[in-house]
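A.B. asks: Okay, here's the structure, questions in a sec.
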Amino acid sequence: MNDKIPVTVLGATGMVGQNYLKLLNDHPWFEIVDVAASPNSAGKSYSEAVADRWHMSTDIPSGVRDLKVRDVNDIEGVKDGVKCAFSAISMPDKPDVIELEFSYAAEGFAVVSNNSANRWTEDVPMLIPEINPDHTDVIALQQSNRSLPKTGFVAVKPNCSIQSYLITLVALERAGYPVDRIQVSTLQALSGAGYAGISSKEMIDNVIPFIPGEEEKTESEPLKILGEVTEKGISVTDRLNISATCTRVPIVDGHMAIVHIGFKEKAPDLNTVKSVWRDFKADPSVSGLPSSPEKPIIFLEEVDRPQPKLDMNAGKGMSVSVGRLAEDKFFDFRYVALSHNTIRGAAGGAILTAELLVKKGFIGG
Ligand code: NAP
């Protein structure tokens, strides 16, 4: 690609927004030319607005540090040439987010969102590129339903809690082992709750066994991702059942999932499972994209892995690390999986989604 595609980041000052800035610095296809946040940050330079909330291990990228932060509601103020808006806003009311994201789409922007508000909108695809790249087919219906311009639409990324385990079960299903039931317990990092999570005093030396709405999302979002595009939108599958318990633990980054799995028919043996995971490859349309990890799933034999400290950055934060595979007394077997919640689970996953949309001609085509 000769010219980079100019993009804006909505919610650029937040935890996910900061990850966008870090990951898009020197990205081969995208360039941040515009940033937006709440009215509190509007009018300030980015470095002034983010101030002591900058949490990345690298400096604020030089191309962004002095950009003036726009009020996210001021759509007319988006810089000329911008084609794509990465949405990482957090607003109290979902209908406001839905309205805002479709207002951007109506102005011709491709919106790729981390916010949960549009995940259950029937004509909005919820994408994990390695799993359901064909769900982009629903975008034509969305544009026609809503009279959007040819370049405008909304696509979303699912919740960070499901990233650690969904790809592992899809790999097994594709190898011919349909899954019947999953019981998952998550240990989720502080950064998953945004800036407020990182600075929360109640999390020091503590575990909180409740994350509002998280268990519902963990149980239901995979059913849309594994669903099919129909002429009415995306139909949700009922072919498997998921039961989830979600907890918040005192580490900064890295969501872990303890998974128990039962199959519809005969279960594969453990060596087959390991080789299915080790050999799993994304479709060629996805595997060549700039943010696509060489190995979407990394299986670890060591008995004490995966660990957030050692493994969350595998594949530049885009691979899922799996270990502790064992037969189980109540299910067919169990294992532990780990993903980087703000990279694979948020900004990195959305950037990979946008790359897929570029490749398919939906952005910049
Ligand atoms: P965050 O750290 O709290 O950041 C929120 C961002 O939204 C900030 O830029 C903030 O701007 C802006 N904002 C707050 N109130 C607003 C308002 N009323 N109008 C417009 N903008 C407003 O949150 P986050 O963790 O980055 O999460 C962002 C979104 O991604 C959320 O929907 C979250 O559920 C989702 N998500 C997060 C993760 C994760 O791992 N953190 C993973 C997947 C999905 P100011 O700085 O100006 O206040």
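The values are calculated or read from the model by the stated rules, or taken from the named source; none is laboratory data. Since this is a predicted model, take the numbers as computed values, not measurements. A quick note on method: Cβ atoms are made from the backbone with ideal geometry, for glycine too, and the neighbour counts reach across all protein chains shown. We work out accessible area using only protein heavy atoms, side chains counted, and drop any ligands, DNA or RNA first. Shrake-Rupley method; radii C 1.70, N 1.55, O 1.52, S 1.80 Å.
A.B. asks: Could you please let me know if Pro290 is within 21 Å of the chain's Cα centre (by Cα) and open to solvent by 70 Å² or more (accessible area, probe 1.4 Å)? Spell out the reasoning first.
C.D. replies: Details: within 21 Å of the chain's Cα centre (by Cα): yes; open to solvent by 70 Å² or more (accessible area, probe 1.4 Å): no.
Taking the combined requirement at face value, the residue does not satisfy it.
A.B. asks: Can you tell me which residues in the range 306-321 are open to solvent by 20 Å² or more (accessible area, probe 1.4 Å) and hydrophobic (A, V, I, L, M, F, W, C)? Give the derivation first.
C.D. replies: Initial filter on the range 306-321 (open to solvent by 20 Å² or more (accessible area, probe 1.4 Å)): 307-310, 312-316.
Correct list: Leu310, Met312, Ala314.
A.B. asks: With respect to Val303, determine if the residue is buried (at least 19 other Cβ atoms within 10 Å of the Cβ) and more than 19 Å from the chain's Cα centre (by Cα). Walk me through how you get there before you give the answer.
C.D. replies: On the way: buried (at least 19 other Cβ atoms within 10 Å of the Cβ): no; more than 19 Å from the chain's Cα centre (by Cα): yes.
Taking the combined requirement at face value, the residue does not satisfy it.
A.B. asks: For the range 130-158, what are the residues that are under 30 Å from Val273 (Cα atoms) and either open to solvent by 10 Å² or more (accessible area, probe 1.4 Å) or more than 16 Å from the ligand (Cβ to nearest atom) (or both)?
C.D. replies: Glu130, Ile131, Asn132, Pro133, Asp134, His135, Thr136
Per-residue answers, yes or no, for (1) within 15 Å of the ligand (Cβ to nearest atom); (2) at positive phi; (3) among the hydroxyl-bearing types (Ser, Thr, Tyr); (4) not assigned by TED's automatic domain parsing to the domain that holds Trp54:
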{"site": "Leu172", "(1), (2), (3), (4)": "no, no, no, yes"}
{"site": "Tyr177", "(1), (2), (3), (4)": "no, no, yes, yes"}
{"site": "Ser185", "(1), (2), (3), (4)": "no, no, yes, yes"}
{"site": "Gly192", "(1), (2), (3), (4)": "yes, no, no, yes"}
{"site": "Ile198", "(1), (2), (3), (4)": "yes, no, no, yes"}
{"site": "Ile204", "(1), (2), (3), (4)": "no, no, no, yes"}
{"site": "Ser220", "(1), (2), (3), (4)": "no, no, yes, yes"}
{"site": "Glu228", "(1), (2), (3), (4)": "no, no, no, yes"}
{"site": "Ser243", "(1), (2), (3), (4)": "no, no, yes, yes"}
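A.B. asks: Looking only at the range 346-360, decide whether some residue is outside any loop (DSSP other than H, G, I, E, B) and either modelled with pLDDT under 95 or under 23 Å from Lys274 (Cβ atoms) (or both).
C.D. replies: Residues of the range 346-360 that are outside any loop (DSSP other than H, G, I, E, B), as a first pass: 346-359.
Then keep just the ones that are either modelled with pLDDT under 95 or under 23 Å from Lys274 (Cβ atoms) (or both); that gives none.
Scanning the range 346-360, I find no residue that is outside any loop (DSSP other than H, G, I, E, B) and either modelled with pLDDT under 95 or under 23 Å from Lys274 (Cβ atoms) (or both), so the answer is no.
A.B. asks: Which residue out of Val273, Val322 is over 21 Å from Ile208 (Cα atoms), touching a residue at least 12 places away in the same chain (Cβ under 8 Å), in a helix (DSSP H, G or I) and among the hydrophobic types (A, V, I, L, M, F, W, C)?
C.D. replies: When all the criteria are applied, what remains is Val273.
A.B. asks: Hey, another quick one. If a residue must be open to solvent by less than 10 Å² (accessible area, probe 1.4 Å) and in contact (Cβ under 8 Å) with a residue 24 or more places away in the chain, how many such residues does the range 90-112 contain?
C.D. replies: Residues of the range 90-112 that are open to solvent by less than 10 Å² (accessible area, probe 1.4 Å), as a first pass: 97, 101, 104-105, 110-112.
Retained after the next criterion (residues that are in contact (Cβ under 8 Å) with a residue 24 or more places away in the chain): 101, 104-105, 110-112.
Within the range 90-112, residues that are open to solvent by less than 10 Å² (accessible area, probe 1.4 Å) and in contact (Cβ under 8 Å) with a residue 24 or more places away in the chain number 6.
A.B. asks: Tell me, which strands (runs of 3 or more DSSP E) lie completely within the range 167-247 with 3 or more residues that are open to solvent by 10 Å² or more (accessible area, probe 1.4 Å)? Write out each step before concluding.
C.D. replies: Numbers: elements: 179-188, 228-230, 233-235.
Filter on the range 167-247 gives 179-188, 228-230.
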